[in-house]
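**Q** There's a structure below that I have some questions on.
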Amino acid sequence: MFETTTLNEQNRTVEKLWRTLLLVMTLLLILPVLVILAVLVYKGGPVLSLDFLLTEPTNGMTAGGILPALIGTVWLVSVALLASVPIGVAAALYLSEYAPENWLTRALNLAIINLAGVPSIVHALFGVGAFVLFFRFGTSILAASLTLAVMTLPVVIVATKESLQAVPQAFREACWNMGATRWQTIRKIVLPNSISGILTGVILEVSRTAGETAPIMFTGAAFFLPFLPQGVFDQTMAMSLHLFVVSTQVPDVPEALPYGVALVLIAMVLAMNATSIAFRTYLRGRKKW
Amino acid sequence: MKEQRINEAPAIVTESLNLWYGTFQALFDIDLEVSRNKVTAMIGPSGCGKTTLLRSVNRINERLGYVRTTGSIEVLGHDIYEPEVDLVQVRKQVGMVFQRPNPLPLSIRDNVLFGHRTHRERGVKVSRQDEDEIVEKALREVLLWDTVRDRLAGAATELALEEQQKLCIARLLPVKPAVLLMDEPCSALDPNGTEAVEELIWDLRGDYTILIVTHNMAQARRASDECVFMLLGKLVEHTRTDKMFVAPKHQETADYIEGRYG
Ligand SMILES: Nc1ncnc2c1ncn2[C@@H]1O[C@H](COP(=O)(O)OP(=O)(O)O)[C@@H](O)[C@H]1O
Ligand SMILES: [Mg+2]
């Protein structure tokens with residue numbers, strides 16, 4: 001009575017087809033990433049050395065290392081983080097914990113989603129107008145980092161909201177029912193149980209901006225500065241812009257050099273991602289509910 | 001004489017209480033008097049408004065922006081819908097226990113102290129010793145002390161469900177509430193856990209006014225002094241539990257008790 005019927009078999013064939021098709025699509029998806037990495041390692045690997053990381057570019061940027069760009073990117077991302085974390089977390093806290101369900105909240109959420117879709121070159125122009133000119137920061141790390149911060153705010157808010165919403169509603173209800181105010185609830189229960197997730201999520205999002213070129217190009221990043229930035233009002237070199245410059249703007253660059261710069265840039269971003277993902281996994285494992 | 005009358009006054013009085021979720025009316029003209037320091041059970045089929053009524057008594061419903069209430073609810077002789085009423089004070093007097101035990105992701109000790117710390121005056125220092133006493137007293141009251149005395153620093157969320165539910169009751173006690181609202185507090189527990197928590201509720205009777213929603217007829221019968229039967233948002237019958245189960249006044253009550261509803 002339990003023998004296979006033709007219908008069973010047909011279904012099984014269709015099932016297999018779909019399964020294979022979907023698998024192939026998935027493999028196709030990661031193929032470009034693998035190819036990029038392979039090419040970068042193959043072509044850029046040979047220029048990598050401690051000297052490459054720790055010296056300045058020389059000979060009109062056709063030789064030497066990338067130290068000022070490396071340090072510059074660290075500056076840019078760090079200052080951007082410092083600016084976007086408090087603002088983004090505050091906004092997310094409001095939207096997730098306080099905002100009533102009304103038209104203003106809906107409008108805010110819609111605005112945030114749409115802001116995430118604004119092209120980075122538009123953010124760049126906004127940065128020039130707002131930070132470089134209006135606030136008179138000049139072209140500086142500060143102006144460039146704030147531009148990056150504004151650009152990442154929407155994703156920072158979304159990531160933070162996700163972490164906050166991962167704290168079970170039952171905990172909030174329990175607190176409110178014991179007479180705790182919203183803020184007491186946030187401070188004693190919601191934040192302690194989401195702050196690690198928030199920070200890792202935010203670091204993940206903001207570190208992606210290490211690769212952005214447009215927003216920093218007019219606001220604070222320089223083609224070539226043979227010294228390291230001393231503070232947030234200095235201009236700086238940056239990895240992304242440096243890559244653009246050595247690939248397209250400077251004649252007679254050895255072929256391996258841009259690949260080497262790209263490899264270091266990708267390695268930086270991957271390292272930050274990996275750290276925050278590892279951190280997150282570790283904290284997830286420790287969660288108590 | 002006067003003193004005695006106050007003590008006999010009902011703990012909760014609702015007068016023509018109506019409640020709407022948006023345009024949907026969930027409660028119709030509820031007139032209910034809950035006797036002080038007794039256990040009152042609320043029974044009725046799913047969706048008849050038991051939870052809604054319960055949540056109106058500590059005003060947790062209005063957190064949903066679309067809830068509208070008319071009529072009045074008095075707790076301990078004071079209308080809790082008066083404009084000058086502070087919700088924090090209401091919730092101090094009226095504690096709530098939920099269907100699913102929801103201890104906070106803190107230690108057992110911090111769970112018990114949470115409410116107390118929340119209501120503590122700013123700047124008032126309470127010594128560790130006093131806190132220890134508070135914790136012990138509350139945990140003893142819910143018959144949990146002997147089980148957890150050696151692991152007060154352990155995570156509350158790792159306790160067995162039944163113990164979690166007892167802890168959720170214990171954490172209400174240090175602020176000395178007058179009323180405990182319980183929404184099907186045993187429905188997530190196994191029969192042993194249910195029995196243990198029922199026993200505890202019966203034990204707390206006399207010190208607290210307890211209003212408990214239950215789906216479990218046997219539980220209502222065993223563990224309550226008075227019983228309220230609701231149907232479709234209306235209060236159908238409210239009498240002493242022994243009377244209700246022996247000689248219900250209304251046909252609907254009889255039908256429900258005998259299991260002829262879902
Ligand atoms: N938050 C809500 N929004 C809209 N309708 C609700 C909400 N909560 C309950 N209701 C409705 O109100 C009625 C009573 O629900 P409830 O008080 O939960 O009943 P019970 O606890 O007796 O099962 C039900 O019809 C339910 O669908
Ligand atoms: Mg219910």
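The values are calculated or read from the model by the stated rules, or taken from the named source; none is laboratory data. Please read all numbers here as calculations on a predicted model, not as lab measurements. Cβ sites come from the backbone with ideal geometry, for glycine too, and all protein chains shown count toward neighbours. Areas reflect the complete protein model, heavy atoms only, side chains present, ligands, DNA and RNA absent. Shrake-Rupley method; radii C 1.70, N 1.55, O 1.52, S 1.80 Å.
**Q** Just to be sure I understand: with springs between alpha-carbon atoms less than 10 Å apart, which residue in A:ALA144, A:ALA174, A:ALA267 has the highest mean-square fluctuation in the Gaussian network model of chain A?
**A** A:ALA174
**Q** Explain nothing, just the number: dipole magnitude of the stretch A:50-285 about its Cα centre with +1 on each Lys and Arg Cβ and -1 on each Asp and Glu Cβ, in debye rounded to the nearest 20. Working shown, then result.
**A** On the way: 10 positive and 11 negative charges, 187 e Å.
Its charge dipole is roughly 900 debye.
**Q** Taking the alpha carbon gyration tensor of chain A, what are the square roots of 5 times its eigenvalues, largest first, to the nearest whole Å?
**A** On the way: eigenvalues 304, 209, 62 Å².
They are 39, 32, 18 Å, listed from largest to smallest.
**Q** Right, another one. With no solvent and one equal point scatterer placed on each C-alpha of chain B, evaluate the Debye formula and give log10 I(q)/I(0) for q = 0.09, 0.10, 0.16 Å⁻¹, two decimals.
**A** -0.41, -0.51, -1.26
**Q** Go through the stretch B:52-109 and name the GluC sites (Glu not before Pro) that are in a DSSP coil and have 15 or fewer other Cβ atoms within 10 Å of their Cβ. The partial results should precede the final answer.
**A** Details: sites: B:GLU62, B:GLU74, B:GLU84; in loops: B:GLU84.
Passing sites in the stretch B:52-109 are B:GLU84.
**Q** Counting only heavy atoms of protein chains, what accessible area per residue, in Å², does the stretch A:50-285 have with a probe of 1.4 Å?
**A** Details: 10630 Å² over 236 residues.
On a per-residue basis, the stretch A:50-285 sits at 45 Å².
**Q** To the nearest 20 debye, what charge dipole does the stretch B:211-250 have about its Cα centre, counting +1 at the Cβ of each Lys and Arg and -1 at the Cβ of each Asp and Glu? Working shown, then result.
**A** Working: 6 positive and 4 negative charges, 17 e Å.
Using Cβ point charges on Lys, Arg, Asp and Glu, the stretch B:211-250 gives about 80 debye.
**Q** Then there is this: Please give the charge dipole size of chain B, origin at the Cα centre, charges +1 on K and R Cβ atoms and -1 on D and E Cβ atoms. Round to the nearest 20 debye. Show your work: numbers first, answer last.
**A** Working: 33 positive and 40 negative charges, 90 e Å.
The dipole of chain B has a size of about 440 debye.
**Q** Loop sites only, by DSSP: take the chymotrypsin sites (Phe, Trp or Tyr not before Pro) in chain B that have at most 15 other C-beta atoms within 10 Å and name the longest stretch containing none of them. Before the final figure, lay out each step's value.
**A** Numbers: sites that count: B:TYR66, B:TYR261.
Here the longest segment lacking exposed loop sites spans B:67-260.
**Q** Also, I was wondering about something else. Keeping the other protein chains in place, figure out the carbon and sulfur percent of the accessible area of the stretch A:53-110, with a 1.4 Å probe.
**A** Numbers: 2040 of 2780 Å².
Heavy-atom surface of the stretch A:53-110 belonging to carbon and sulfur, 1.4 Å probe: 73 percent.
**Q** Within 10 Å of each Cβ of B:112-118, how many other protein chain Cβ atoms are there on average? Intermediate results must be reported in sequence, preceding the final value.
**A** Details: counts 0, 0, 8, 6, 1, 4, 8.
Mean inter-chain Cβ contacts per residue within 10 Å come to 4.
**Q** For the stretch A:166-215, state the semi-axes of the equivalent ellipsoid (square roots of 5 times the eigenvalues of the alpha-carbon gyration tensor), sorted largest first and rounded to whole angstrom. Don't skip to the answer; put the middle values down first.
**A** Numbers: eigenvalues 225, 18, 11 Å².
Square roots of five times the eigenvalues give 34, 9, 8 Å.
**Q** Just check the stretch B:156-210 against the gyration tensor rule for me: Cα atoms, a ≥ b ≥ c as the square roots of the eigenvalues, rounded for a/c under 1.5, and otherwise prolate or oblate depending on whether a/b exceeds b/c. Present the calculation step by step, with values, prior to reporting the outcome.
**A** Numbers: a/c = 2.15, a/b = 1.40, b/c = 1.53.
Verdict is oblate for the stretch B:156-210.
**Q** Amide H of B:LEU231 versus every other amide H placed in the peptide plane: which residues, excluding those fewer than 5 positions away on the same chain, fall under 5 Å?
**A** When sequence neighbours closer than 5 places are left aside, the close amide H contacts are B:VAL236.
**Q** Shifting gears a bit: Over the Cα atoms of the stretch A:66-191, what is the Rg over Rh ratio if Rh follows Kirkwood? Could the numbers behind the result be given before it?
**A** Working: Rg = 17.8 Å, Rh = 16.4 Å.
My calculation of the ratio gives 1.08.
**Q** Past the 18 Å Cα-Cα mark, which pairs from B:LYS38/B:LYS249; B:LYS50/B:LYS176; B:LYS50/B:LYS166; B:LYS38/B:LYS243?
**A** On the way: B:LYS38/B:LYS249 22 Å; B:LYS50/B:LYS176 25 Å; B:LYS50/B:LYS166 22 Å; B:LYS38/B:LYS243 16 Å.
Flagged as over cut-off: B:LYS38/B:LYS249; B:LYS50/B:LYS176; B:LYS50/B:LYS166.
**Q** Which listed residue (B:ILE201, B:LEU106, A:VAL118) has the Cα farthest towards the positive end of the charge dipole for the protein assembly as shown, taking +1 on Lys and Arg C-beta and -1 on Asp and Glu C-beta about the Cα centre?
**A** Selected residue: A:VAL118.
**Q** For the stretch A:9-105, what are Rg and Dmax over the alpha carbons, in angstrom?
**A** Final numbers for Rg and Dmax: 24.7, 70 Å.
**Q** Further question on the same structure: Just the number, please: percent antiparallel of the DSSP beta bridges in the protein assembly as shown, rounded to the nearest 5. Let's see the in-between values first.
**A** Working: 26 of 45 bridges.
Bridges in the protein assembly as shown are about 60 percent antiparallel.
**Q** Take chain A, mark every one of the GluC sites (Glu not before Pro) that falls in a DSSP loop and has at most 16 other Cβ within 10 Å, then report the longest stretch left between them, sites excluded. Intermediate results must be reported in sequence, preceding the final value.
**A** Details: sites that count: A:GLU3, A:GLU101, A:GLU255.
Here the longest segment lacking exposed loop sites spans A:102-254.
**Q** Give me the Kirkwood hydrodynamic radius of the protein assembly as shown in Å, from all C-alpha pairs, to one decimal place?
**A** 28.5 Å
**Q** Now, a different point. Which shape class applies to the stretch B:215-256: rounded if a/c is under 1.5, otherwise prolate when a/b exceeds b/c and oblate if not, where a ≥ b ≥ c are the square roots of the Cα gyration tensor eigenvalues? All intermediate terms of the calculation are to be shown ahead of the outcome.
**A** Values: a/c = 1.63, a/b = 1.37, b/c = 1.19.
Prolate.
**Q** Just the number: Rg to Rh for the stretch B:1-138, Cα atoms, Kirkwood Rh, two decimals.
**A** 1.01
**Q** Rounded if a/c is under 1.5, else prolate if a/b beats b/c, else oblate: with a ≥ b ≥ c from the C-alpha gyration tensor eigenvalues square-rooted, which is the stretch A:2-47? Please list the in-between numbers first.
**A** Details: a/c = 9.90, a/b = 5.75, b/c = 1.72.
Prolate is the answer for the stretch A:2-47, as a/c is 1.5 or above and a/b outweighs b/c.
**Q** Follow-up. Most mobile of B:PRO83, B:PRO101, B:PRO174 per a Gaussian network model of chain B (Cα springs, under 10 Å)?
**A** Result: B:PRO83 has the largest fluctuation of those listed.
**Q** Return the percentage of antiparallel bridges among DSSP beta bridges fully within the stretch B:2-257, rounded to the nearest 5 %.
**A** Working: 24 of 42 bridges.
Of those bridges, close to 55 percent are antiparallel.
**Q** Put simply, what bits of the stretch B:88-105 lose 40 Å² or more of accessible area when the other protein chains are there, versus the chain on its own (1.4 Å probe)?
**A** B:ARG91, B:PHE98, B:ASN102, B:LEU104, B:PRO105
**Q** Further, regarding this structure: Whats the longest run of chain B with zero trypsin sites (Lys or Arg not before Pro) that are DSSP loop and have at most 14 other Cβ atoms within 10 Å?
**A** On the way: sites that count: B:ARG120, B:ARG122, B:LYS125, B:LYS249, B:ARG260.
After excluding every exposed loop site, the longest remaining stretch is B:126-248.
**Q** Send over the Kirkwood Rh of the stretch A:195-259, from the inverse of the averaged 1/r over different Cα pairs, rounded to one decimal Å. Before the final figure, lay out the partial values.
**A** Values: mean 1/r = 0.0731 Å⁻¹.
So the Kirkwood estimate lands at 13.7 Å.
**Q** Something else: Under 10 Å, Cα contacts only: if you run a Gaussian network model on chain A, which one of A:LEU27, A:LEU37, A:LEU81 comes out with the highest mean-square fluctuation?
**A** Most flexible of the set in this elastic network: A:LEU27.
**Q** For the stretch B:213-222, just list the computed ³J(HN,Hα) in residue order, Karplus coefficients 6.51, -1.76 and 1.60, θ = phi - 60°, integers in Hz, with x standing in for Gly and Pro.
**A** These are the phi-based 3J(HN,Hα) values: 8, 8, 9, 9, 4, 4, 5, 4, 5, 6 Hz.
**Q** Can you give me the Cα centroid spacing of the stretch A:15-92 and the stretch B:94-159 in angstrom?
**A** 49 Å
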